[in-house]
Amino acid sequence: MAASSEDLQGRIAHFKKLKEKNRHSMLNSISLQFRHMAQGGDGTAASEGEIRKQYYPDWSTKDFQTVCSVMGWVYTGERLYDPFAN
């Protein structure tokens, strides 16, 4: 499945508002989650649980890549650390 256009646009708008309000700590955590999910992970790289399964069950990896691209969050390159991987 994939996120709806409204879901993507709403999430991006929310993150941009957080940026405008200088909520850097929160955005750092969100960025790490989204970059991990853009790599196919479950968002646990931020050590806050399985974000993808809990909050974004219908989103595809491409959806997370789209959000990362719009927000300027680089998800390519080295795989992000997953604290729960074996």
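The values are calculated or read from the model by the stated rules, or taken from the named source; none is laboratory data. This is a predicted model, so every value here is computed, not measured. Heads up, the Cβs are rebuilt from the backbone with ideal geometry, glycines too, and the neighbour counts pull from every protein chain shown. Keep in mind that these areas ignore ligands, DNA and RNA; they rest on the heavy atoms of the full protein, side chains included. Shrake-Rupley method; radii C 1.70, N 1.55, O 1.52, S 1.80 Å.
In this structure, Asp42 does not satisfy being in a loop (DSSP other than H, G, I, E, B), over 23 Å from Glu78 (Cβ atoms) and either without any contact (Cβ under 8 Å) to a residue 24 or more places away in the chain or out of contact with any Phe, Trp or Tyr (no Cβ under 7 Å at 6 or more places or on another chain) (or both). Scanning the stretch 1-15 for residues that are in contact (Cβ under 8 Å) with a residue 24 or more places away in the chain and either in a helix (DSSP H, G or I) or under 13 Å from Val67 (Cβ atoms) (or both) yields Ala2, Ala3, Asp7, Leu8, Arg11, Ile12, Phe15. Taking the criterion of being touching a helix residue (DSSP H, G or I) at 6+ places or on another chain (Cβ under 9 Å) and open to solvent by 30 Å² or more (accessible area, probe 1.4 Å), the residues of the stretch 18-46 that qualify are Lys19, Arg23, His24, Met26, Asn28, Leu32, Arg35, Gln39, Gly40, Asp42. Only residues that are surrounded by 14 or more Cβ atoms within 10 Å (Cβ to Cβ), part of a helix (DSSP H, G or I) and either touching a His at 6+ places or on another chain (Cβ under 6 Å) or not polar (S, T, N, Q) (or both): list them for the stretch 47-66, please. Matches in the stretch 47-66: Ile51, Arg52, Asp63, Phe64.
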